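Worksheet: the structure to be examined is printed underneath.
The values are calculated or read from the model by the stated rules, or taken from the named source; none is laboratory data. Worth saying up front: this structure is predicted, and the values here are computed from it rather than measured. No Cβ is skipped: glycine too gets one built from the backbone with ideal geometry, and neighbour counts run over all protein chains shown. Just so you know, the surface numbers come from the protein's heavy atoms only, side chains and all, with ligands and any DNA or RNA stripped out. Shrake-Rupley method; radii C 1.70, N 1.55, O 1.52, S 1.80 Å.
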Amino acid sequence: MSEADTADVVTAFEQGLAEAAEGYAAAFGRATDEHALRAQNARLLGPAGSLTKLLKRMSQLPADRRREFGKRANELKRAIDVAFEERLSELARAEREAELSGPMLDVSLPGFGRLPGRVHLLSRVKHELLDLFATMGFDVADGPEVELHENNFDKLGFPPDHPATDMQDTFFMKGPPGSDPRATLLRTHTSTVQVREMLRRKPPLAVVSAGHVYRRDDDATHSPMFMQLEGFMVDRGVSFAHLKGVLTHFLRRLFGDDVPVRFRPSYFPFVEPGGEVDVGCGICQRWKRPDAGACRVCKGSGWIEILGCGMIHPVVFEQVGYDPETNTGFAFGMGIDRVAMMRYGVGDVGLLYSNDARFLTQF
Ligand code: PHE
């Protein structure tokens, strides 16, 4: 390197150091946020910064000046670093102060969360009932809501002209063109599951099933869709005493040991003898308080009809291919809505179907 070149490098160092030393404090002071401050710092000390470039030329300096320039450059670098850090924390402090003295953000205001869902009261009661029978050894079965006329009526011994098959009671489903318009329907009871399970299995068997059923009536106490639970047992030597024992045990487990239970004779085509069971009305509890006033649910009688039952008719056994000479069995069907009302003290059946969260969230 010529002498003239060496003099240039020395001048460049003198000027470079002087410029850097002069400008940085003001530049940092003008930066009003962290981003701007970092940009100013990079202009000097970044990979392409002026001071960085200068230091890369260190080796071009005459050997006797290197030590001196190196020392000055390092001191300047340290001073810039210190000024940078100071300005950085100054900006952070200012930002925090602005936040504290600015408009308040109330983080305690509740947001727009979603309400957690829950099991509907009727579904819950359905599972409670199925559980009770399962602990007594009954299997749980299922059946379709769209059924054949055959399974809903014929195989259960309903005569062809039985009034229950009347348009008044049954919703029929449209089949393919030309097919019997009464062949398919919405099941009117869960007794269809008796037929299906008996066709599918051989005795001995004990089965419960629960689900929706449909009838064409709709008034204050009837809904066109409601829920039933069906149970039945078939074996050699099953008697009415077994039926009474199972149902009484079940009703006591459900409503408490003190609830009165009464069996009354009644008629269903698929049982003989047949009966209905009433329990003391859980709403007015007349058996404990004889002076209870007028009750809408039991209409003042003090009793609620809760289920139909009886010994399975030999005609049904013949229909499903069981020998009616060796097999006997009992069956019962109950309205789950009624049970839910009694068990949870619901005084109006409409509440179960109106989907009012104020009611449903109480359970
Ligand atoms: N299926 C009958 C009904 O819906 C109830 C019932 C079931 C009666 C089983 C006797 C035996 O009314």
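Using R0 = 30 Å, the C-beta based FRET efficiency linking residue 97 and residue 43 works out to 0.60.
For the chain, a crude dipole built from +1 on the beta carbon of Lys and Arg and -1 on the beta carbon of Asp and Glu, taken about the Cα centre, is about 660 debye to the nearest 20.
Using protein chains only and a probe of 1.4 angstrom, how many square angstrom of residue 351 are accessible, to the nearest 10? Answer for residue 351: close to 60 Å² accessible.
What do you get for the angle between helix 63-101 and the principal long axis of the chain? Use alpha-carbon atoms, 0 to 90 degrees, nearest ten. Approximately 40 degrees, to the nearest ten.
Take the Cβ-Cβ distance between residue 262 and residue 146 as r, set R0 to 30 Å, and report the resulting FRET efficiency rounded to the nearest 0.05. With a Förster radius of 30 Å, E is 0.25.
Modelled spin-label separation between residue 124 and residue 199, with each label point placed 7 Å from Cα along the Cα-to-Cβ direction: 3.7 nm. Taken as Cα centroids, segment 345-363 and segment 244-278 sit 27 Å apart, rounded to the nearest whole angstrom.
Measuring between their Cα centroids, segment 99-151 and segment 194-213 lie 27 Å from each other. With the simple spin-label model, which puts each label point 7 Å out from Cα in the Cβ direction, the residue 154 to residue 71 separation comes to 11.6 nm.
The dipole here belongs to segment 3-101: it is taken about the Cα centre, uses +1 on the Cβ of Lys and Arg and -1 on the Cβ of Asp and Glu, and is about 340 debye. Computed over the chain with a Gaussian network model linking Cα atoms closer than 10 Å, the most mobile of 70, 111, 275 is 70. Ordering 270, 292, 191 by Cα displacement along the dipole of the chain toward the positive end leaves 292 in first place; charges were set at the Cβ atoms of Lys, Arg (+1) and Asp, Glu (-1). Which whole-angstrom value gives the distance between the alpha carbon centres of segment 1-68 and segment 279-302? When both Cα centres are located, 100 Å separates them. Applying 0.36 nm per residue to the separation of residue 249 and residue 344 and subtracting their alpha-carbon distance, the gain on full extension is 32.3 nm. FRET efficiency for the residue 182 to residue 139 pair, using the beta carbon distance and R₀ = 41 Å, is estimated at 0.85. Rounded to the nearest 500, the 222 nm mean residue ellipticity of the chain from helices alone is -13000 deg cm²/dmol, with -39,500 (n - 2.57) taken per DSSP H run of at least 4 residues.
If the segment from residue 106 to residue 19 were pulled out straight at 0.36 nm per residue, it would be longer than the present Cα-Cα gap by 26.4 nm.
Projecting the Cα atoms of 172, 224, 242 onto the dipole axis of segment 147-278, where Lys and Arg carry +1 and Asp and Glu carry -1 at the beta carbon, places 242 farthest toward the positive end.
Largest GNM mean-square fluctuation across 117, 350, 23, computed for the chain with C-alpha springs under 10 Å, falls on 23.
Computed from Cα atoms, the angle from the helix 240-255 axis to the main principal axis of the chain rounds to 40 degrees. Compute the angle between helix 34-45 and the longest alpha-carbon principal axis of the chain, please, reported from 0 to 90 degrees and rounded to the nearest 10. The answer is roughly 40 degrees. Length gained on full extension, residue 359 to residue 57, computed as 0.36 nm times the residue gap minus the Cα-Cα distance: 100.4 nm. If you run the Gaussian network model on the chain, springs between alpha carbon atoms under 10 Å, then out of 299, 244, 56 the most flexible one is 56.
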